[in-house]
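A quick write-up on the structure given underneath.
The values are calculated or read from the model by the stated rules, or taken from the named source; none is laboratory data. Remember, it's a predicted structure, so these values are computed and weren't measured experimentally. Positions of Cβ are generated from backbone atoms using ideal geometry, with glycine treated the same way; all protein chains shown enter the neighbour counts.
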Amino acid sequence: MVNTKVTLSGITLDNPIIPASGTFGYGYEFAELYDINILGTFSFKGTTRKPRFGNPTPRIAECTAGMINSVGLQNPGVEKVISEELPKLKKCFHKPVIANVSGFSIEEYAETCALLDKEPQVGILEVNVSCPNVHHGGMSFGTDPAAAAAVTKAVKAVTAKPVYIKLTPNVTDIVSIAKACEEAGADGIALINTMMGMRIDLKTKKPVIANKMGGFSGSAIFPVAVRMVYQVAEAVNIPVIGMGGVSSAEDVIEMMLAGATAVEIGAANLVDPFICKKIIEDLPRVMEKYNIKDFGDLVNTVSPVHIKQDSLALDLIARFKKMDGEIEDCHAAGDMLMYHGVKLKQAFGGTGYNNEVRYFQDFAARMYFMEEEKEHADSGKAEK
């Protein structure tokens, strides 16, 4: 028997599977195909302050192992989302939902988030500073640490619910942007959005997409997504939602090993509308195959915490697991701790530690490894 539950900023999900914004509409369309309450949650279609018709057509181009889209944030605007879309959703989805928000100014981001923050159905605000489909929108904010931080700070000032900042991979240093958002008050990071791509029609000798370029997504970008999720999870002390090319239960586990607490499924929904259902049903089998009983098992698997000799942490672990004699130090991974009496909940989930200590605000169960260094006033020597 395995436990698929995960925790995001105090919200417990039955599993880590989250259909990504822009690939799942407002949910009720998919509810005609299967019971969407089996999902952990989902991120509904990107919402702006005012209605948007979107970019000119054609907007979609197929590619090997992926697709390019340039929809351009087509949506009815936040007021209609609240008055029309959310009531429809409430009839078929009975869990907190993720509201995806885009904007064209800091003020617009704040206004839209403030309105959605009041909605009981909304559990998390996912602020998209990364959409590559709009000339003067999210892209300009998501490529600059200071601009991304400014959006984060403005949104946090007018909201009470957890705010996750969705980042673009089309940057030189995604870690610096993630850290800037964390410092500005973000409760979590979501990554990656689509990469920039382009296709040219050999017959017309013109770009396939009317907007020339668009967001490239699909299984081809999965290794890039895993790498960036790993880099960001190592650098920040807030939860990470991983996405980008995920299309199987194995991909979900790999993304969580890289540091994700939960995983969004995007382009795969457009290929197979039942893909999230299939992944959820297959997840227990894959977990058992790789001897994962709880997602806490993934703690520190890729980056084990360094436990120093004679430290408080070593003494603590030794109470649960017999250590070899005169070793200098050791490395403790989540599975070792869990199967020797230390129960780690998913709030640790797959993110591991950053060098020595990893701290989250939303631990379901807290366990700290600490080293205290004191300086004796009389000797001036440091003692651990």
Query raised in the report: Quick check, is G341 surrounded by 14 or more Cβ atoms within 10 Å (Cβ to Cβ), at pLDDT below 95 and touching a Phe, Trp or Tyr at 6+ places or on another chain (Cβ under 9 Å)?
Result: no
Report task. Return a yes/no flag: does the range 150-173 have any residue that is among the small types (G, A, S), at pLDDT 95 or above, assigned to a loop (DSSP other than H, G, I, E, B) and over 24 Å from V229 (Cβ atoms). Result -> yes
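Can you give me the number of residues within the range 67-101 that are outside any strand (DSSP E or B) and either touching a Cys at 6+ places or on another chain (Cβ under 6 Å) or among the aromatic types (F, W, Y) (or both)? Before the answer, list the steps.
Within the range 67-101, the first condition is being outside any strand (DSSP E or B), and the residues that meet it are 70-74, 76-96.
Remaining after also requiring either touching a Cys at 6+ places or on another chain (Cβ under 6 Å) or among the aromatic types (F, W, Y) (or both): 93.
So the count comes out to 1.
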Query - In the range 60-87, the residues that are under 19 Å from L202 (Cα atoms) and either surrounded by fewer than 16 Cβ atoms within 10 Å (Cβ to Cβ) or not assigned by TED's automatic domain parsing to the domain that holds C113 (or both) - result: I60, E62, C63, T64
Query raised in the report: Within the set of pairs 6+ apart or on separate chains, which have a first residue in the range 197-221 that is touching a residue at least 24 places away in the same chain (Cβ under 8 Å) and loosely packed, with under 15 Cβ neighbours inside 10 Å, a second that is of a type in the set (S, T, Y) and assigned to a loop (DSSP other than H, G, I, E, B), and C-beta atoms under 7 Å apart?
Result: A210/T57
Report task. All but one of (1) among the β-branched types (V, I, T); (2) surrounded by fewer than 15 Cβ atoms within 10 Å (Cβ to Cβ); (3) under 26 Å from E250 (Cα atoms) hold for T57, so report the exception by its number. Result -> (3)
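For V252, state whether it is part of a helix (DSSP H, G or I), in contact with a Pro (Cβ under 9 Å, 6 or more places away or on another chain) and either of a type in the set (D, E, K, R) or surrounded by fewer than 20 Cβ atoms within 10 Å (Cβ to Cβ) (or both).
Numbers: part of a helix (DSSP H, G or I): yes; in contact with a Pro (Cβ under 9 Å, 6 or more places away or on another chain): yes; either of a type in the set (D, E, K, R) or surrounded by fewer than 20 Cβ atoms within 10 Å (Cβ to Cβ) (or both): no.
In short, no.
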Query raised in the report: Right, A114: closer than 22 Å to A262 by Cα, assigned by TED's automatic domain parsing to the domain that holds K161 and assigned to a helix (DSSP H, G or I) or not?
Result: no
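Please enumerate the residues belonging to the range 174-194 that are among the charged types (D, E, K, R) and either part of a strand (DSSP E or B) or buried (at least 17 other Cβ atoms within 10 Å of the Cβ) (or both).
If the condition is that a residue be among the charged types (D, E, K, R) and either part of a strand (DSSP E or B) or buried (at least 17 other Cβ atoms within 10 Å of the Cβ) (or both), then K179, E182, D187 are the ones that fit.
Residues checked against (1) among the acidic types (D, E); (2) on the phi < 0 side of the Ramachandran plot; (3) more than 21 Å from the chain's Cα centre (by Cα); (4) crowded, with 22+ Cβ neighbours inside 10 Å:
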site: C92; (1), (2), (3), (4): no, yes, yes, no
site: S105; (1), (2), (3), (4): no, yes, yes, no
site: P145; (1), (2), (3), (4): no, yes, no, no
site: K166; (1), (2), (3), (4): no, yes, no, yes
**Report entry** Among (1) of a type in the set (V, I, T); (2) in a helix (DSSP H, G or I); (3) touching a Gly at 6+ places or on another chain (Cβ under 6 Å) - the single one V286 does not satisfy
**Finding:** (3)
Report task. Return yes when S130 is assigned to a helix (DSSP H, G or I) and modelled with pLDDT under 95 and no when it is not. Result -> no
Query raised in the report: How about the range 195-231: which of its residues are assigned to a helix (DSSP H, G or I) and among the aromatic types (F, W, Y)?
Result: F222, Y230
